[in-house]
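Engineer: Sharing a structure here in structure tokens format.
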Amino acid sequence: MPDGSVALRLPAASTPYSAALALPDPRAVLELLKPITWFAPMWAFGCGVVSVGGPDWSQLPWVVLGVILTGPLVCAMSQAVNDWFDRHVDAINEPHRPIPSGRLPGLWGLWVAIGWTVLSFAAAALIGGFVFWAALAAILAAWAYSAPPVRLKREGWVAAAVCAFSYEGLPWVTGAALVGGGVPEARIFAVAALYSAGAIGIMILNDFKSVEGDRASGLASVPAVLGIDNAANVACVLMAAPQVAVLALLAAWGRPVHAAIVASLLAAQIVLMLRLLGDPRERTPWYNATGTSLYVLGMLASAFAFAPLAQGTMP
């Protein structure tokens, strides 16, 4: 079925008007917002906070609001937007999802996406400064990623890069800016960018579950174009190479202990990658629970390496 050609699931003509206006099941709305996906940007935001030495007591309420903005608002909003514009793809890949299954009927999926966009914008405006502009960039990226006519996700490499930088780099520098009181130091940008580049590999693995629907809908995701096995090899290289660069930079900046921690975590990931490549489609969920967990622990180790920047003690 061509991309975007599925008609909206509207209430049947015989549906009573009051039933058509009834509020949706809160469980379906929560499922639409995908809380499991909130962890990655919230973790990256926390890494940004750590990288500038952590907040003082007066900053804690703003940090809490920043975490809420990053996960339950902006990330959740992006999931709702994606599910609405991907409802035809999900009808093939995940027919149990709230919109294609009919548990979120009519235009409710779109209303939730718009409502969460407004809430995200309001929270970002309340914080202001760099955080506002970073959140605005994330909101625009979420809509451009999923919604026509832009629909960046049509191009697999662009889609993976947009997701990776939105989930990792952007939240990292946002957290650092909120606590640091301005644009972060250039080296923080560099490490955040490297971990974002590595996350492109994670995004490629996440696309394995939707290969059939992507091909049927004309979405050129990396696994749909390269095939599962080739995409898995590419993903592993993409995840590993930036971490090598990070540990080299940490060593050059006089943080050998932190570099050694990142190196150890990378070595463990490589062992897990070798098993992943034996059957990437079946073992991707297992790798996400193991190798990806080690990846984000490396992010935190790197963030702690930057903490002395707040006191000016890094070379």
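The values are calculated or read from the model by the stated rules, or taken from the named source; none is laboratory data. Note that the structure is predicted; figures quoted are calculated from it, not measured. For neighbour counting, all protein chains shown are included, and Cβ atoms are generated from backbone atoms with ideal geometry for every residue, glycine included.
Engineer: So which residues in the range 181-223 are closer than 13 Å to Val89 by Cα and not basic (Lys, Arg)? Outline the logic, then answer.
Structural biologist: If we filter the range 181-223 for residues that are closer than 13 Å to Val89 by Cα, which is where we start, we get 207, 209-221.
Listed by number, the residues that qualify are Asp207, Ser210, Val211, Glu212, Gly213, Asp214, Ala216, Ser217, Gly218, Leu219, Ala220, Ser221.
Engineer: So, one more: What pairs come out if I take residues in the range 289-302 that are within 13 Å of Val271 (Cα to Cα) and among the small types (Gly, Ala, Ser) and pair them with residues that are assigned to a helix (DSSP H, G or I) and at pLDDT 95 or above whose C-beta lies under 6 Å away, six or more apart or interchain?
Structural biologist: From the range 289-302, the pairs are Gly291/Gln269; Gly291/Leu272.
Engineer: Same structure, new question: Can you find, within the range 44-93, the residue that is modelled with the highest pLDDT among those that are surrounded by 18 or more Cβ atoms within 10 Å (Cβ to Cβ) and assigned to a loop (DSSP other than H, G, I, E, B)?
Structural biologist: If we take residues in the range 44-93 being surrounded by 18 or more Cβ atoms within 10 Å (Cβ to Cβ) and assigned to a loop (DSSP other than H, G, I, E, B), then Val52 is modelled with the highest pLDDT.
Engineer: Is there a residue in the range 239-250 that is closer than 30 Å to Ile188 by Cβ, among the polar types (S, T, N, Q), out of contact with any Phe, Trp or Tyr (no Cβ under 9 Å at 6 or more places or on another chain) and not in a loop (DSSP other than H, G, I, E, B)? If you could, list the steps in order and put the result at the bottom.
Structural biologist: Going residue by residue through the range 239-250, those that are closer than 30 Å to Ile188 by Cβ are 239-250.
Now restrict to residues that are among the polar types (S, T, N, Q): 243.
Okay, now just the ones that are also out of contact with any Phe, Trp or Tyr (no Cβ under 9 Å at 6 or more places or on another chain), so none.
Looking through the range 239-250, none of the residues is closer than 30 Å to Ile188 by Cβ, among the polar types (S, T, N, Q), out of contact with any Phe, Trp or Tyr (no Cβ under 9 Å at 6 or more places or on another chain) and not in a loop (DSSP other than H, G, I, E, B).
Engineer: Does the range 118-127 contain at least one residue that is hydrophobic (A, V, I, L, M, F, W, C), at pLDDT below 95, over 15 Å from the mean Cα position of the chain (by Cα) and buried (at least 23 other Cβ atoms within 10 Å of the Cβ)?
Structural biologist: There is no residue in the range 118-127 that is hydrophobic (A, V, I, L, M, F, W, C), at pLDDT below 95, over 15 Å from the mean Cα position of the chain (by Cα) and buried (at least 23 other Cβ atoms within 10 Å of the Cβ).
Engineer: Would you be able to tell me the number of residues in the range 128-143 that are within 30 Å of Val225 (Cα to Cα) and surrounded by fewer than 17 Cβ atoms within 10 Å (Cβ to Cβ)? First the steps, then the outcome.
Structural biologist: To start, the set of residues in the range 128-143 that are within 30 Å of Val225 (Cα to Cα) comprises 137-143.
Imposing the further condition that a residue be surrounded by fewer than 17 Cβ atoms within 10 Å (Cβ to Cβ) reduces the set to 137, 140.
Of the residues in the range 128-143, 2 are within 30 Å of Val225 (Cα to Cα) and surrounded by fewer than 17 Cβ atoms within 10 Å (Cβ to Cβ).
Engineer: If we keep just the residues of the range 234-255 that are surrounded by 14 or more Cβ atoms within 10 Å (Cβ to Cβ) and not aliphatic (A, V, I, L, M), which is farthest from Ser51 (Cα to Cα)?
Structural biologist: If we take residues in the range 234-255 being surrounded by 14 or more Cβ atoms within 10 Å (Cβ to Cβ) and not aliphatic (A, V, I, L, M), then Cys236 is farthest from Ser51 (Cα to Cα).
Engineer: Also, quick follow-up: Please enumerate the residues belonging to the range 97-117 that are among the small types (Gly, Ala, Ser), touching a helix residue (DSSP H, G or I) at 6+ places or on another chain (Cβ under 8 Å) and either surrounded by fewer than 17 Cβ atoms within 10 Å (Cβ to Cβ) or not in a helix (DSSP H, G or I) (or both). If you could, list the steps in order and put the result at the bottom.
Structural biologist: Let us first name the residues in the range 97-117 that are among the small types (Gly, Ala, Ser), namely 101-102, 106, 109, 113, 115.
From what's left, touching a helix residue (DSSP H, G or I) at 6+ places or on another chain (Cβ under 8 Å): 106, 109, 113.
Correct list: Gly106 only.
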